[in-house]
1. Of LYS98/LYS140; LYS73/LYS164; LYS19/LYS112; LYS98/LYS164, which ones are farther than 29 Å apart at the Cα?
2. Assign unit charges at the C-beta atoms only (+1 for Lys and Arg, -1 for Asp and Glu), then state the dipole size of the chain relative to its Cα centre in Debye, rounded to the nearest 20.
3. Scan segment 41-142 for GluC sites (Glu not before Pro) in coil per DSSP, keeping those whose Cβ has at most 13 other Cβ atoms within 10 Å, and list them by number.
4. Could you work out what % of the accessible surface of the chain is carbon and sulfur, using a 1.4 angstrom probe and leaving DNA, RNA and ligands out of the count?
5. Cysteines without a disulfide-compatible partner in the chain, using Cβ under 4.7 Å as the rule?
6. Rg(Cα) of segment 100-168 divided by 2.2 N^0.38 Å?
7. With every atom except the alpha carbons ignored, what do you get for Rg and Dmax of segment 1-56, in angstroms?
8. Each residue of segment 43-51 in turn: what ³J(HN,Hα) in whole Hz from Karplus with 6.51, -1.76, 1.60 and θ = phi - 60°, glycine and Pro shown as x?
Amino acid sequence: MSEIPHYLREGFITLEELKKAIELPSEERLRKRPVAIPECPQEIPCTPCKEICPTNAVLMENPNATPIVDYEKCIGCSLCVQICPGLAFFMIHYVGDKARVTMPHELLPVPKVGEEVILLNRVGEEVGRGKVITVVPRGKSKGDTPIITVEMPIELAWDVRAVKVVRE
Ligand code: SF4
Ligand code: SF4
């Protein structure tokens, strides 16, 4: 019997697992403009990310296949992040010594633009502080979940996948 993958056993994908599942974009590409990253390694019958992409940058061999992004075709529109029901699409953009990570935000409250938030890694541990750059609220997002873009130290770009809002 094959071993159950870590992401299924524990409920989150590690960076090492992600690197085995997809080729990550180069630093040059990450600096050019925002680029979408699919963190969806399980073969499931699901295709909204492919269907919504305006440039056909999301590639799937069949409806059960895992999505791959053609990073050169991706224009960073964020529609795949908005529509993904599995909260499995992100965007990353390197700007100087910062990274801007676009992610779904399912928890309340939804942060405001300019607000400082606590950065959470893939396990949910606090790893630093970031600043919210943009918010696409529920109703404007193509999916049911708001998405936010958060600026953070560049070294955290591949670890942070959620934020916590703390208001005194
Ligand atoms: S960000 Fe836009 S262009 Fe890029 S893969 Fe997602 S939907 Fe396609
Ligand atoms: S929409 Fe989300 S869950 Fe569905 S295949 Fe695309 S990345 Fe995976």
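The values are calculated or read from the model by the stated rules, or taken from the named source; none is laboratory data. Just so you know, these numbers come straight off a predicted model, no measurement behind them. Reconstructed Cβ throughout: ideal geometry from the backbone, glycine too, with neighbour counts over all protein chains shown. For accessibility, only protein heavy atoms count, side chains too; no ligands or nucleic acids. Shrake-Rupley method; radii C 1.70, N 1.55, O 1.52, S 1.80 Å.
1. Distance filter (> 29 Å) returns LYS73/LYS164; LYS19/LYS112.
2. 620
3. Values: sites: GLU43, GLU51, GLU61, GLU72, GLU106, GLU115, GLU116, GLU125, GLU126; in loops: GLU43, GLU61, GLU72, GLU106, GLU115, GLU125.
Answer by residue number: GLU43, GLU61, GLU72, GLU106, GLU125.
4. Percent of accessible area from carbon and sulfur atoms in the chain: 52.
5. CYS40, CYS46, CYS53, CYS74, CYS77, CYS84
6. Cα Rg divided by the expected 2.2 N^0.38 Å: 1.01.
7. Final numbers for Rg and Dmax: 14.0, 44 Å.
8. 6, 9, x, 7, 9, x, 5, 5, 5
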